[in-house]
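Here's the structure, in structure tokens; my notes come after.
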Amino acid sequence: MFGDRWERIVAERGAQAALYLADGRATTFRQLDDEARAVQPAGDHVMVQGDVPQILRLLLAGFLHGVPVQLVEKDRSRRIPACPPPAGTALIKQAVGGSGVRRCQFFTFDQIAADVDRLHAALDLEARGTGVAAISCAHSFGLTMTVLQTLFNGVPTCFAPQPFAQPLMDAMKHYKRVFLPGVPALWKAWLRGGVNFDNISLAISAGAPLTLDLERMALEQHGLKIHNLYGASECGAVSWDETLDLREDGSDLGTLLPGVQAEADAKGRLVVTSSSVGLGYDEPLAQESFGAGVFTTSDQIERNGDRLFFQRCIGAGINVAGRKLSPAEIAEKIMRASKLDRLNIYGAQSRDPERCQDIVVELDLPQAEIDAAFKITACSLLAPWEVPRKWIGRP
């Protein structure tokens, strides 16, 4: 299925740019096709890790050679799936999600295409110009909004190597029309950093709640409407705010996308039914629902007609500026570095709404011993975004 679709894109757009780099240089669809076909998978899968050029080329290589492609963040090692990929697996994501447990998720081509095409049609991406990849394309939101739009629908992607204001402007300035996906923390930085948004045809935010204050700032100071998008890596996009005016309620997640059904279960969690729900996890937990077209989220959502309203996430995952983190992974690293055998990690609401949550650690140590030297040692194995902001010890 993918091969025929890609061949049509190359036949129709072969000489057109598939990927733009920040300096304006471009790789055409035909060049991308040649590069991908020259890649020979070393085993039963292709591991995709790196920046957008590598991700685009290796994704295409795996798809064309018919072997599963596993996405791995640049700062992570590959998680070997705990079970063989189910028949028909084309894409393997390793993500934390709302559960707070890092696992592999399996998807077929049809499930990937359903999500990509649903967003392509609903957001009219064919008419939006070039997609700007300023956020990680190893995460579902960035992947589906940019790189997969290139491979499945022929929409060019522009790679912004750094998500900061000046590199972003340098990347976008070459094009008359671009669409820009971001998380609220980045939108806040871009709005305050003096980014010129004149050529943005569509601004999309996902990964964390979009506050009314941030949305209002964009409208009043820049005439820019940021559209709120909601979804999960397991099921793809669920709803989006298609309006051009300021929302009245910050919990408003917009209307359900075509082909997506959603209802709350007895615990208030949103249960999503759609053609883009994946095959399942490599290590499912008890009482989870993921597969056969149905996914139960960790989010408590209220529904009013076709419009969704976010209440809270009841999963153990910690959301730091749109990045989902595992409490168990952070705890293991701190214990290994500090030689402690017990502690508790969780997320608490941040005073910075765009940050979403702060990481909190509770230690069985006197508070006086949790000094700067101890924290430096305890955090030595952590990535910057995994460092706790609050340390709680005994009085």
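The values are calculated or read from the model by the stated rules, or taken from the named source; none is laboratory data. Keep in mind it's a predicted model, so treat the numbers as computed, not measured. Because the Cβ atoms are built from the backbone with ideal geometry, glycine has one as well, and the counts that use them run over all protein chains shown.
Within the stretch 351-385, take every residue that is of a type in the set (Asp, Glu) and surrounded by 15 or more Cβ atoms within 10 Å (Cβ to Cβ) and give me the one that is nearest to Gly100 (Cα to Cα). Among those residues, the one meeting the criterion is Asp358. Filtering the stretch 54-71 to residues that are under 21 Å from the mean Cα position of the chain (by Cα) and buried (at least 18 other Cβ atoms within 10 Å of the Cβ) leaves Ile55, Leu56, Arg57, Leu58, Leu59, Leu60, Gly62, Phe63, Pro68, Val69, Gln70, Leu71.
To keep it simple, each residue is scored yes or no on (1) under 29 Å from the mean Cα position of the chain (by Cα); (2) in a strand (DSSP E or B); (3) in the same structural domain as Ile204 (by TED's automatic domain parsing); (4) among the hydroxyl-bearing types (Ser, Thr, Tyr).
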| residue | (1), (2), (3), (4) |
| --- | --- |
| Ala331 | yes, no, no, no |
| Tyr346 | yes, yes, no, yes |
| Gln357 | yes, yes, no, no |
| Ile376 | no, no, no, no |
| Leu381 | yes, no, no, no |
| Trp385 | yes, no, no, no |
| Pro388 | yes, no, no, no |
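Restricting attention to the stretch 266-313, the residues that are part of a strand (DSSP E or B), under 20 Å from the mean Cα position of the chain (by Cα) and acidic (Asp, Glu) add up to 1.
Can you tell me which residue in the stretch 133-154 is farthest from the chain's Cα centre (by Cα), limited to those that are surrounded by 24 or more Cβ atoms within 10 Å (Cβ to Cβ) and among the β-branched types (Val, Ile, Thr)? For the stretch 133-154, the residue satisfying everything is Thr150. In the stretch 4-44, the residue that is surrounded by the fewest Cβ atoms within 10 Å (Cβ to Cβ) out of those that are among the β-branched types (Val, Ile, Thr) and farther than 22 Å from Val67 by Cβ is Thr28.
The set of residues from the stretch 296-350 being basic (Lys, Arg), surrounded by 14 or more Cβ atoms within 10 Å (Cβ to Cβ) and out of contact with any Gly (no Cβ under 8 Å at 6 or more places or on another chain) comprises Arg303, Lys333. For residues in the stretch 87-113 being outside any loop (DSSP other than H, G, I, E, B) and in contact with a Gly (Cβ under 7 Å, 6 or more places away or on another chain), which is surrounded by the most Cβ atoms within 10 Å (Cβ to Cβ)? Top of the filtered list is Phe107.
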